[in-house]
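S.K.: Please read through the structure below; I'll follow up with questions.
Coordinate-derived values only; no laboratory data. Predicted model, so just to flag it, every value in this text is computed and none were measured. When we count neighbours, we look across all protein chains shown, and the Cβ atoms used for this are built from the backbone with ideal geometry, even at glycine.
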Amino acid sequence: MHPGFLAVAVLMLALQAGGAGVADALRYERTAIAGGELWRLVSGHFVHLGWTHCLLNVGGVAALAMILPAPLRAWRCSVLLGMFIGLVLFAMLPGLKHYAGFSGINYGLAALALLPRARGEAVAALVLAALVVRAVWQWLDGGSAADAAWLGAPPLAAAHLAGLAGGAMMRLRPAMPGEASATRSPRNRYRAGGSELVTQADRDAEH
């Protein structure tokens, strides 16, 4: 497993073990963010509503780490995706009071992993399409009671859609200075194009 993503997984497990006090101090909370606690835009993604929620996202990180390109900077990528998702939610969902969870970032990592392969690999294209359809369905459905029962809150589809959009933008952005030489080697071909970059209104939600 990519050591950076292993560290991300360990951090999520450690924060979950810290209990409700840690989660409350770090989760996305609109009032606190508006009051200047801007770190919550990112830190909220690393805490969870319970062990089931946490382990589900840790499993997602582990699975994605097996297919993400080796040169990917795990921490930088996760923080940038988290900040993008947090800003989108703060701007677009004024009624969202608080949420927690890493799955929005997982959706962004999935876009980073699958977009380069989707053109030439049918399986990658199908998986990516399934993730987009699932996120749109969650948005239209509004979150099922069954999901809320075992996760602790309905999934926040807006975070999943924002994650997909953020991952796509990171993948499609022009190469930055210093990345051009990396693209000359097939082994490092994923560095160009961005992959080196490294809960509902008025109620808790997970994403």
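S.K.: Highest first, please rank the peptides 83-96, 101-114 by the mean number of other Cβ atoms sitting within 10 Å of their residues. Please report the intermediate quantities before stating the final value.
M.R.: Values: 83-96: 17.6, 101-114: 27.9.
Highest mean packing first, the order is 101-114, 83-96.
S.K.: Please go through segment 1-45 and write out the chymotrypsin sites (Phe, Trp or Tyr not before Pro) that DSSP classes as loop and that have at most 15 other C-beta atoms within 10 Å. Before the final figure, lay out each step's value.
M.R.: Details: sites: F5, Y28, W39; in loops: W39.
Loop-located and lightly packed - W39.
S.K.: Any idea what % of Cα-Cα pairs in segment 29-81 are farther than 12 Å? Could you put the intermediate results ahead of the total?
M.R.: On the way: 996 of 1378 pairs.
Tail of the P(r) past 12 Å holds 72 percent of the pairs.
S.K.: By counting other Cβ atoms within 10 Å of each Cβ, how are S78, S43 ranked from fewest to most?
M.R.: S43, S78
S.K.: Using the beta-carbon distance between A125 and M66 and R0 = 25 Å, what value does 1/(1 + (r/R0)^6) give for FRET efficiency, to the nearest 0.05? Before the final figure, lay out each step's value.
M.R.: Numbers: r = 19 Å, r/R0 = 0.74.
Plugging the Cβ-Cβ distance into 1/(1 + (r/R0)^6) gives 0.85.
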